Each structure stands twice: as C-alpha cells, then as structure tokens.
Amino acid sequence: MLRRSAALSLLALSAFCALASSGANATRSLAPDIISVDAYPFSAVVKWQVPDAARVVLEVGVDDRYGIWSPTTVTRGELTSRTTLAGLEPATTYRFRVVTRWRNGMTAEARGSFRTDPWPSATAATAVPSAVDAGPSTGGGSPFVLPPALPPGVTPSQPAPPGSSTLPPGTPAVESSSPLRVNGNAIFPRMVWRQCPSYYPTSIGAGINLFLGVDCSNTDEQYARLSGRAISTVDAKTPGISGPGDIGWHLQDEADMSVGDASKLPRPKGVGRVTFLTLTDHFSQRAAPPTNGRQIYQGFFDSADVIGFDTYPVEGRCSLAQIDNVYWMQRELVSLTRGKPTFQWIEAGPMEHCRENLDPTPAVVRAETWLAIAGGARGIGYFPDWWEESIRGEVRLTNREILALAPALLSPVAKANWSTEGPVRIGARRYNGATYVIAVNTSTADATASFSLPGLGGRTLHVFRDGRTVKPLGDLVADKLPGLGVAIYVVSPSGW
C-alpha cells in the first residue's frame, strides 16, 4: 500500500511560551516544522523536523482541545523524525500539534490536520482479553482504590482472608475489561439498536459508529448505506449473511428475560466475527434476581464476546434517585465477565413505562453515559434510537468527547482514592503519561468531587469540555460540581 500525504492545514505559529528563565538561546526563533502526514483508517504518521536539541511531543484530538499525547521524543540536536498517532477512528477529521521544549525552557508548536481513511470494507473483529487489558496500569492490587469498593448498602457474601488485601473485606475483584478491536485496533463503540436506514445520516452525524442490526429494511440496504461510514452487525439467527463493515452478530435483546436459558441462544461462530449480548440489570446485587435465579448468568456471560446491559433509572425504574446504579452495576458487570468487553445502554428518550411520565434530560444522558464509562464500560449504546433535538445535541457532544479521548478511555483503569460517602463517583485512566479522571455527581444538588491521585504532585488539572483549570493540593483534588454535573479532568504528562 502506497502511503499518501494527507492534506495539511498548517498554522504557522511564532508564539513562544516562556516557561523558564531566559538562557543563552532565549532570543533564537526556533520552531518545529511539519513535513508530511500519512493517514490510514486507524492511525496517522506525522513526519516532523526540529532545528535544535529539544523534547518533542504530539497532541491530537478532534478539535483544538486535543486531549491525547504521543510518547515524548528527546533529540540531541537537529532531527527529522516520525511519530505514529495510534488509536484513531476511521472517517474522522483530526487536529494535531507538534510541541517542542528547547533546552532554554521555551516552547514552540506547529499545527496541522488530517482525515483518516474510511472504515474498511474488510473488517475482522476480536474481543479477546489480554494481560495488559486485564490488569491495573500501575502498581499491584486493585485498580480501584477506594473505601469501600462495594456499593453502599450491599453486604459482602464472603469476607476476604485477613491480611490478603489493603481493601475492605468483600471487595469484588474489579479489573479492566478488554476493548473491542477491529482489524487489530481498539475502538470505542457508540451504538444504536436495529435502526431504520433512513435515520443513519442523523445517527452518524451524532457520532454513532456501530449499528446493531437493521429495521424497516434489509441487510443489503444496511451494508450499502453504512459502507465506509460505520460498522454493523446482523441477527445471530442469520449467521450466513455478511457484507462490508460487518463485524458479527447480536443476540436477542434482554435474553435473560426473553429467553431465560443461555443454552437456547444461537451460537454463531466465524473468524473475525464477535457476538453482542444485551441483558437486563437483574444480574446485579442491586436488583431483584430473575425468577430462575442469578445462577443463569454465567451461561449468558459465556455465550457472547461483548456483554452489555440496561438499567434505565428514569424510564425503567421511574426514579432519578437510582442513577447511581449505572455506575455500580457497570462495575459489577466488569467483575463478573472477567475481561470481556462490556457496554451499557443509556436511556435517551421516552419509553412510557412510568406513570410519572418522567423523560431523560440532556443532563441525565450525559451523567449516565459518563457514569457507565467511569464504571468500566468499553462501549455505549443509546436507546431509543431517535432523539428530540436537545438530546441529540448532547449525544453528539458526548460522543465527540468519547471519540477524542478514546485511546485513554480504553486504557486500563488507574488508581484513585475517593470516598463513597458523597454522591460523586470517580473513574481514572492513564495513557502515555497523561492522567484522566471522570467525576460524575449522582445528586441533583451541588456536590464536591474530592479525590487523590498518587503522584499528582500539585500538577494542574484541565476540565476537558470547558477548559477551566483546577489546582490541587499535592495529590488531593477538590472541585465543585452542579447537580448531575460531569467533569473529565485531564493532567498532561510530566514535563508538559
């Protein structure tokens, strides 16, 4: 395959940031230069040049907030080199900048943009847990360090042996689950269920990249309309059907209730194909068990490659006060499925199950989405698949943030210390030296997000959506969030 040079929109920058005292080279006009960009479906290779010794890093994202850093390169003098930006998504326009820090402490940057190639027609999906996916990113023990790690009010069924862990007795073995991979590349699926093709343009515009089945039409139209734009699955009852962008199958919705016995499910198999399964929330200690008991769930977990569930606090349980379940149930599912990719469906419209006629608001959709991700979800679905204007706007904004931060969100969980006494839930990740902390207020009243990050050392946190900054006290962070408020805090790699 011949590499092609992506179109660059280079913004010549002559602004320098004086971050240290001036030295012998302080008055020199040094700047990095972008020579070329070769873009592919899941990555891009940036060729750059610096005229003098420097530390060099690339930042990339879907807009000028960037959000993802490459590993740092240290040069000893003039150098022309290449950096691969991995973890990208097909058919997406990215912006990037090459940032240099010279020996005198001054910094300079050069900016560019590129568009990744379309989704490949030939796709091979995998969902195999790996050692790096399944373990914490730093240190030993549990990747979630918080007292207690069980949901409030849930009694552990069996205490841990004395001295076996620094965590409270009964803490579930919560591990990172593996991401879904397409052609070997980790992706963050953002899904809708059996959508009519006429809605595809709206959903793709809102950031949907995976369509589980089709309604109102047939798979021929599904493949034709999604070709190069997104990926999809077909019903597991029709395993012989395949087409462009097809990554596998979906099983019957809420099969624990609609089927009841995992042995009755179809078991399609194929190289490069995976199976998706959606369950209700009755697997959880926080929900009533199904009629035939929770022992049925291991069979369901074994029956598919990618496991998801729905709980719907507003539309299903008729109580916004139960939004906390979104986080805790997700953590339970991650623990129970032992490394398989997990996802959660987010209520995004009326379902008319409750007499109070409560409907999810944009704030509810945003809070539930990030609660699920903080709890370990490696994918998100929105149900129903049609949204009124304000909900669609929030789905688009949230999906854009997920897209920008996907390489970090798909990384193993990182350690963070926090208390369950308050209403704010926390999830942390590390990627290429940067730290990402998701904080969600499950209350409708203002609350303080309070947590500590080992090794933070007073470095500033940037809130991803609005760009405001938070200054910690050593490793301790305290920040006020509005009711149902969400903050994704980003800490740049040390030295940047």
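When the Cα convex hull of segment 55-123 is projected onto planes of every orientation, the mean area is 5.5 nm². Close amide H contacts of TRP249 (hydrogens built in the peptide plane, cut-off under 5 Å, sequence separation of 5 or more or a different chain): VAL234, VAL274, THR275, PHE276.
Net charge of the neighbourhood of HIS250, taken over other residues with C-beta under 9 Å away and scored Lys/Arg +1, Asp/Glu -1, is -1.
Remark on ALA124: its backbone amide H falls under 5 Å from those of ASN183, a criterion applied only to residues 5 or more positions apart or on other chains, H modelled at 1.01 Å from N.
Within the same chain, lysines fewer than 8 places from LYS340 are excluded, and of the rest, none has a Cα less than 16 Å from its Cα.
Ordering 414-421, 231-238, 309-316 by mean Cβ neighbour count within 10 Å, with the highest value first, yields 309-316, 231-238, 414-421. Enter the angle in degrees (range 0 to 90, nearest 10) between the Cα long axis of helix 362-374 and the first principal axis of the Cα atoms of the chain, meaning the one along which they spread out most. With both axes taken from Cα atoms, the answer is about 80 degrees. Seen through its C-alpha gyration tensor, with square-root eigenvalues sorted a ≥ b ≥ c, segment 418-468 comes out prolate because a/c lies at 1.5 or above while a/b is bigger than b/c. Along the axis of the charge dipole computed for segment 204-323 (Cβ charges of +1 for Lys and Arg, -1 for Asp and Glu, origin at the Cα centre), the listed residues PRO290, ILE247, GLY207 are led at the positive end by ILE247. Phi angles of segment 336-349 translate, via the Karplus equation with coefficients 6.51, -1.76, 1.60 and θ = phi - 60°, into HN-Hα couplings of 6, 8, 6, x, 6, x, 10, 8, 9, 8, 10, 5, 10, x Hz per residue; Gly and Pro are given as x.
A cut-off under 12 angstrom between Cβ atoms defines the neighbours of ILE346, and their net charge, with Lys, Arg +1 and Asp, Glu -1, is -4. About the centre of its Cα atoms, segment 397-496 shows a dipole size close to 220 debye [charges on the beta carbon of Lys, Arg (+1) and Asp, Glu (-1) only; nearest 20 debye].
Beta-bridge orientation, the chain: approximately 70 percent antiparallel, per DSSP, counting only bridges with both partners inside. The relative contact order of the chain comes to 13 percent, based on Cα pairs under 8 Å that sit 6 or more residues apart. Could you state the angle between the C-alpha long axis of helix 389-409 and the longest principal axis of the C-alpha atoms of the chain, as a value from 0 to 90 degrees rounded to the nearest 10? Helix 389-409 sits roughly 60 degrees off the main axis of the chain. Tell me, how many Å apart are the Cα centres for segment 36-101 and for segment 260-293? Measuring centre to centre over Cα atoms gives 42 Å.
Rounded to the nearest 20, the Cβ-based charge dipole of the chain about its Cα centre (Lys and Arg +1, Asp and Glu -1) stands at 1720 debye.
With labels modelled as points extended 7 Å from the Cα through the Cβ direction, what inter-label distance (nm, one decimal) is found for THR238 paired with ASP52? Inter-label distance under the simple model: 6.5 nm. Only one residue of LEU88, GLY339, THR238 has its Cα farthest out toward the positive end of the dipole of the chain, where Lys and Arg carry +1 and Asp and Glu -1 on Cβ, and that residue is LEU88.
Taken over the C-alpha atoms, segment 266-333 has Rg and Dmax values of 13.7, 44 angstrom.
Amide H contacts of SER36: LYS47, each under 5 Å away and 5 or more positions distant or on a separate chain (H built 1.01 Å from N in the peptide plane; Pro and chain starts excluded).
The HN-Hα couplings worked out from phi for segment 198-207 by the Karplus form 6.51 cos²θ - 1.76 cosθ + 1.60 (θ = phi - 60°) are 5, 8, 3, x, 5, 5, 4, x, 8, x Hz, whole numbers, x standing for Gly and Pro. Would the chain count as rounded, prolate or oblate if I go by the C-alpha gyration tensor, calling it rounded below 1.5 in a/c and otherwise prolate when a/b exceeds b/c, oblate otherwise? Oblate, because a/c is 1.5 or more while a/b does not exceed b/c. Computed 3J(HN,Hα) for segment 419-428, one whole-Hz value per residue from the Karplus formula 6.51 cos²θ - 1.76 cosθ + 1.60 where θ = phi - 60°, is 10, 7, 5, x, x, 8, 9, 10, x, 10, glycine and proline marked x. Per the Cα gyration tensor, segment 238-371 maps to an equivalent ellipsoid with semi-axes of 27, 18, 14 Å, ordered largest to smallest. Highest average first, the peptides 470-481, 111-122, 59-70 ordered by how many other beta carbon atoms sit within 10 Å of their residues are 59-70, 111-122, 470-481.
Since every read-out is calculated from the coordinates, none of them should be taken as a lab result. Just so it is clear, the structure is predicted and the values come from calculations on it, not from any experiment. Counting neighbours? That spans all protein chains shown, and the Cβs are built from the backbone with ideal geometry, glycine included.
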